[in-house]
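What follows draws every value from the coordinates through simple rules; no lab data is involved. This one's a predicted model, so the numbers in the text were calculated from it and none came from an experiment. Reconstructed Cβ throughout: ideal geometry from the backbone, glycine too, with neighbour counts over all protein chains shown.
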Amino acid sequence: MVEIEKPSSQNRYLNKNIVQKLNSITSGQQARTRTNIAELDRVLGGGVVPGSVILLGGDPGIGKSTLALQWLVAQHPAVKSLYVSGEESIQQILLRAKRLGLDNTPIDLVSENRLEVVIEILPNYEMIVIDSIQALHAEGISSVSGSISQVREVADHLTRCAKANGVSVLIIGHVTKEGSIAGPKVLEHMVDTVLYFEGDASSRFRLIRSFKNRFGSINEIGVFFITETGLKEISSPSVMFLSGRNREAPGSVVLVAYEGNRSLLVEVQGLLDKTNLSNPRRLCVGLDSQRVILLLAILQRHGGISISDQDVFVNVAGGLKVSESGADVAIVSAIISSLTNKPFPADTVCFGEIGLAGEIRPVQRGEERLHEAAKLGFKRALLPDGNKVSERPPKMEIVRVKEIGEIIEWLV
Ligand code: TYD
Ligand code: MG
């Protein structure tokens with residue numbers, strides 16, 4: 001029989017005030033240090049909380065080291081900081097700094113991959129950058145740098161040491177293919193904030209997205225583009241994403257997406273091409289390919305349009321990844337426009353979700369999307385009938401659609 005321990009008033013911990021009443025705690029607003037890079041502050045929820053640990057993940061070569069250096073320089077001299085490079089020599093860091101025009105700022109640098117050394121000098125600073133976690137090595141662990149046990153051990157030590165000393169740490173982690181080398185995923189639960197660098201190698205845009213933030217909201221995005229002299233912020237990303245659009249081309253549709261708590265205008269492109277393949281190709285870039293296949297089935301069943309003899313390619317221009325279902329109307333419009341070879345009206349934007357019965361469903365933030373479109377001079381919007389709009393931007397014509405047939409009717 002299991003014996004249940006009786007609660008006793010002599011409980012060792014109860015009298016030590018480790019338990020507090022929720023309503024008796026006074027809230028100390030977390031002070032934040034601004035990075036002075038507005039897009040970065042936005043993603044962080046207002047700046048760096050002192051003593052917090054931030055993980056910055058991304059593919060090799062995407063720009064993590066560049067951003068980290070720019071970050072420290074932007075905070076100088078308000079924040080005393082150290083850049084620890086386990087991968088590059090001091091000379092290499094200097095070369096990068098020269099290229100970025102940042103070599104006149106007295107930031108402390110060290111090229112070091114022994115964790116013990118880093119831990120010893122860490123308390124002298126307010127913020128340190130670890131570039132990268134995979135290059136650091138803890139003495140007590142026999143496995144090679146970058147292995148799961150090393151990465152965990154190093155991150156755990158750093159995190160505890162940082163918290164104890166109130167030092168903020170920016171940990172850089174390479175996203176790696178699954179294998180013996182551990183990527184940032186194994187660290188996500190240990191740190192306060194997780195940021196990921198996104199972007200196509202071929203595109204100049206870079207996105208920083210927050211996946212986890214104990215001190216702010218998640219899914220915020222910051223938009224940058226790369227230049228010879230480092231990352232530059234984009235204050236109006238919609239203008240950039242639409243630059244280079246051929247307004248008269250069939251298959252080009254402007255979507256007002258809602259990504260990262262902000263409305264963004266992006267170009268969705270569709271291209272259909274007759275094929276003899278028994279399994280026609282369906283290729284998507286920047287969109288969920290399963291979603292596009294679903295939409296093709298809806299288009300066939302409820303729109304009466306057969307695409308079974310067509311290769312279908314759908315792309316979001318500029319390298320942005322759109323994950324929301326609010327892109328459905330734009331995807332279907334791009335497909336119809338390419339199939340019929342009729343351009344989608346150049347002054348029109350669209351958004352909306354499409355259900356399996358062919359119905360157009362409302363999406364969040366309809367009004368905000370319309371205002372973003374109006375700011376960029378668009379005159380008309382195609383949107384779900386169910387989206388309430390109490391304050392329409394002046395001079396914006398609204399076309400409401402209830403089901404997929406109405407989109408086809410309007411377009412053709
Ligand atoms: P780097 O910061 O070294 O990438 P990571 O640390 O993620 O591996 O940048 C990769 C290369 O891209 C490097 O040669 C510098 C170049 N680069 C620019 O020229 N401009 C930029 O704005 C950025 C971000 C990178
Ligand atoms: Mg690097």
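Taking Cα atoms only, the orientation of helix 64-75 departs from the longest principal axis of the chain by about 70 degrees. Comparing L296, L67, I354 along the charge dipole axis of the chain, the residue lying farthest to the positive side is I354, per the Cβ-charge model. Taking the Cα centre of the chain as reference, the dipole from Cβ charges on Lys and Arg (+1) and Asp and Glu (-1) amounts to some 700 debye. Take every Cα pair under 8 Å whose residues are at least 6 apart in sequence, average their separation, divide by the length of the chain, and the relative contact order is 12 percent. Over all distinct Cα-Cα pairs of the chain, the Kirkwood formula returns a hydrodynamic radius of 24.2 Å. Sorting the segments 258-271, 325-338 by their mean number of nearby beta carbons within 10 angstrom, highest to lowest, gives 325-338, 258-271.
Ordering 123-130, 273-280, 353-360 by mean Cβ neighbour count within 10 Å, with the highest value first, yields 123-130, 353-360, 273-280.
Report, to the nearest 10°, how far helix 289-303 tilts away from the longest principal axis of the Cα atoms in the chain, using its own Cα long axis and a range of 0 to 90°. So the helix axis and the longest Cα principal axis differ by about 20 degrees. Relative to the Cα centre, the charge distribution of the range 317-372, modelled as +1 at Lys and Arg Cβ and -1 at Asp and Glu Cβ, gives a dipole magnitude of about 180 debye. What does DSSP give for the chain in terms of the percent of beta bridges that are antiparallel, rounded to the nearest 5? Restricted to the chain, the bridges split so that about 45 percent are antiparallel. Under a model in which nothing but the beta-carbon of Lys, Arg (+1) and Asp, Glu (-1) is charged, the range 138-214 shows a dipole of about 260 debye around its Cα centre.
For the range 72-181, a/c is not less than 1.5, where a ≥ b ≥ c are the root eigenvalues of the C-alpha gyration tensor, and a/b does not top b/c. That puts it in the oblate class. Evaluated on the range 280-367, the Kirkwood hydrodynamic radius is 13.5 Å, with distances taken between all distinct Cα atoms. Normalised by the number of residues in the range 160-243, the mean separation of alpha-carbon contacts (under 8 Å, six or more apart) gives a relative contact order of 15 percent. Over 20 Å apart at the Cα level, from the set K342/K395; K321/K402; K274/K342; K274/K402, are K342/K395; K321/K402; K274/K402.
Only one residue of Q364, S338, I93 has its Cα farthest out toward the positive end of the dipole of the chain, where Lys and Arg carry +1 and Asp and Glu -1 on Cβ, and that residue is Q364. With the charge dipole of the range 193-233 set up from +1 on Lys and Arg Cβ and -1 on Asp and Glu Cβ about the Cα centre, the Cα lying farthest toward the positive end among the listed residues I221, S210, L231 is that of S210. Rounded, prolate or oblate: pick one for the range 151-227, where a ≥ b ≥ c are the square roots of the eigenvalues of its C-alpha gyration tensor, a/c under 1.5 means rounded, and failing that, prolate if a/b is larger than b/c, else oblate. Since a/c reaches 1.5 but b/c is at least a/b, the shape of the range 151-227 is classed as oblate.
Over the range 260-412, what is the mean sequence separation of C-alpha contacts under 8 Å (at least six apart), divided by residue count, expressed as relative contact order in percent? After rounding, I find 24 percent. Per residue, the convex hull around the alpha carbon atoms of the range 52-132 comes to 95 Å³. Taking amide H as placed 1.01 Å from N in the peptide plane, the amide H of L109 sits under 5 Å from that of Y83, each at least 5 places away or on another chain. Estimated from helical segments only, the mean residue ellipticity of the chain at 222 nm is -8000 deg cm²/dmol, where each DSSP H run of four or more residues counts as -39500 (n - 2.57). Overall shape: rounded for the range 316-412, with the ratio a/c of the largest to smallest alpha carbon gyration tensor axis below 1.5.
Each residue in H189, H137 was given a count of other beta-carbon atoms within 10 angstrom of its own, and listing them fewest first yields H189, H137.
Sorting the Cα pairs of the range 93-153 by distance into bins of 5 Å, from 0 upward, gives 4, 16, 23, 19, 17, 12, 7, 3, 0 percent per bin.
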